[in-house]
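Chemist: Right, I'll just put the structure down here and ask away after.
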Amino acid sequence: MASRLNQQHHAGFDADGNPGQDLFSLPEIKAIANSLNTGSGRLDSIRVTDYKAVNAEDYNVSFDGTDWHVTGADGRTVPATMTGGVLSFDGVEIDLPAGVNAGDSFSLNPMAGAAEGIGRALDSASKFAASDDPAGGSSNNKNLELMLKIQDEKLIGKNTLTDAYTQLVGTIGSNARAVNSGLESAKIDLDDKFNTKQSLSGVDMNEEMVNMQMFMQYYQANSQILQTATTLFDTLLSIK
């Protein structure tokens with residue numbers, strides 16, 4: 001979204017007739033050198049050339065001493081071209097440095113940190129390029145109208161920004177419900193297992209109280225029988 005808005009803003013002109021600048025600043029794409037690299041070269045110049053072709057994927061870029069190779073997160077070979085010391089693949093260009101030895105490799109994700117690193121590039125509203133003509137004047141808002149139409153473009157796969165956002169919210173909601181359902185099922189399963197264990201080896205206080213009362217009644221009944229027997233015995237002894 002930010003890249004597309006920047007692109008359209010560059011096509012317009014501000015109130016002073018100056019070409020539009022970036023509306024948003026995006027974080028630099030960083031490549032991490034393999035800790036086993038023997039060379040000193042670093043991939044420090046990485047840029048997006050086609051935002052629609054960029055993937056939020058972990059890539060591995062390696063050098064075999066002669067050629068550069070790019071592989072995706074699943075290990076597949078990613079088609080790449082090298083022209084004039086520039087490596088291009090999936091909407092990304094990398095200026096290849098010197099000092100890289102055979103066997104050196106780098107990992108990068110073009111979209112890593114993009115959401116939290118985005119910022120506002122313009123420092124003044126007067127630099128907003130609303131016009132499509134350097135002499136359009138303050139009433140010319142044709143470039144602004146084109147920027148507003150970006151919301152209807154299919155920027156994310158076959159979806160507009162609104163559609164993609166709606167799907168994202170739906171996916172998050174569905175996942176949240178699934179997690180809650182799984183948690184509730186796990187709780188019920190845990191309770192069932194606990195109750196089963198208690199019935200086999202645990203102590204149920206209610207059951208123990210009932211048993212105790214029953215034993216007390218048995219004791220009292222036996223005591224009464226014993227007392228009755230003693231009375232009868234004493235009576236027999238008193239007969240002369």
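The values are calculated or read from the model by the stated rules, or taken from the named source; none is laboratory data. Just so you know, these numbers come straight off a predicted model, no measurement behind them. No Cβ is skipped: glycine too gets one built from the backbone with ideal geometry, and neighbour counts run over all protein chains shown. Protein only, heavy atoms only, side chains kept; ligands, DNA and RNA dropped before computing areas. Shrake-Rupley method; radii C 1.70, N 1.55, O 1.52, S 1.80 Å.
Chemist: Are any residues in region 55-69 closer than 18 Å to A98 by Cα and either of a type in the set (K, R) or open to solvent by less than 50 Å² (accessible area, probe 1.4 Å) (or both), and if so, which ones?
Modeler: Across region 55-69, the qualifying residues are V61, S62, F63, G65, W68.
Chemist: Okay, moving on. Here is a check on your reading of the model: is S40 loosely packed, with under 13 Cβ neighbours inside 10 Å and modelled with pLDDT of 95 or more?
Modeler: yes
Chemist: Separate question: Would you check if F13 is surrounded by 18 or more Cβ atoms within 10 Å (Cβ to Cβ), under 29 Å from P134 (Cα atoms) and of a type in the set (F, W, Y)? Outline the logic, then answer.
Modeler: Details: surrounded by 18 or more Cβ atoms within 10 Å (Cβ to Cβ): yes; under 29 Å from P134 (Cα atoms): yes; of a type in the set (F, W, Y): yes.
Answer is yes for this residue.
Chemist: Next up: Specify which of the listed residues (G91, G99) is under 23 Å from M1 (Cβ atoms) and either within 24 Å of the chain's Cα centre (by Cα) or touching a residue at least 24 places away in the same chain (Cβ under 8 Å) (or both).
Modeler: On the way: G99 fails: under 23 Å from M1 (Cβ atoms).
None of the others qualify; the one that does is G91.
Chemist: For region 118-155, which residues satisfy the criterion of being aliphatic (A, V, I, L, M) and over 16 Å from Q7 (Cα atoms)?
Modeler: At the first step, the residues of region 118-155 found to be aliphatic (A, V, I, L, M) are 118, 121-122, 125, 129-130, 135, 144, 146-148, 150, 155.
Passing the criteria: A125, A135.
Chemist: A follow-up question, please. Looking at region 84-108 only, could you name the residues that are farther than 12 Å from W68 by Cβ, in a loop (DSSP other than H, G, I, E, B) and open to solvent by 40 Å² or more (accessible area, probe 1.4 Å)?
Modeler: Hits for region 84-108 are G84, D90, A98, N101, G103.
Chemist: What about A129, is it in a loop (DSSP other than H, G, I, E, B), in contact with a strand residue (DSSP E or B) (Cβ under 7 Å, 6 or more places away or on another chain), within 24 Å of A11 (Cβ to Cβ) and of a type in the set (G, A, S)?
Modeler: Yes: the conditions hold for A129.
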